[in-house]
Amino acid sequence: MPSSRFSGTLSSPKVDVSIDTGIPFINLTVDGFLKIGTIAATRVVAEDTYHIVKKGTVAGLYVGMEYGIGRIRGTRDWKNAMIGGAVTGALVSIATQNNKDKVLTDAITGSAVATAAEFINYLT
């Protein structure tokens, strides 16, 4: 029976930084600090990126709703923002929780915030 074999190695890039203070204990402390700091910074960047994308998704949903409602209604006014905010608030609430009262509250809140933002936009 024919057989095949695959051989290879997978390794991540390795960067070594060496700081020599002349005191072994301080050298190990600085080395540990640099490694832990790098890991912590990477974690913060990953978490912040996730939260930014998550918020951008909600904003994108709202913009899409407002645009779609404007196309359906055939006009561009504050009512599109109100309806788009209500639909977005309700959809986000449904996606995160199943409490009917919370869905209604989030829909009203989304509608109020979107309408207020639209009115402020018209004032400036």
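The values are calculated or read from the model by the stated rules, or taken from the named source; none is laboratory data. For clarity, every value in this text was computed on a predicted model and none was experimentally measured. Here the Cβ positions follow ideal geometry from the backbone for every residue, glycine too, while neighbour counts run over all protein chains shown.
A few points about this structure:
- Check on GLY74, modelled with pLDDT of 90 or more and of a type outside the set (Lys, Arg): yes
- Residue tally, condition assigned to a helix (DSSP H, G or I), over 21 Å from GLY68 (Cβ atoms) and of a type outside the set (Ser, Thr, Tyr), over the range 87-115: 4
- Selected residue (criterion: modelled with the highest pLDDT) from residues of the range 16-42 that are outside any loop (DSSP other than H, G, I, E, B) and among the hydroxyl-bearing types (Ser, Thr, Tyr): THR29
- Residue match in the range 84-95 (condition: at pLDDT 90 or above, surrounded by 11 or more Cβ atoms within 10 Å (Cβ to Cβ) and touching a Lys or Arg at 6+ places or on another chain (Cβ under 6 Å)): no
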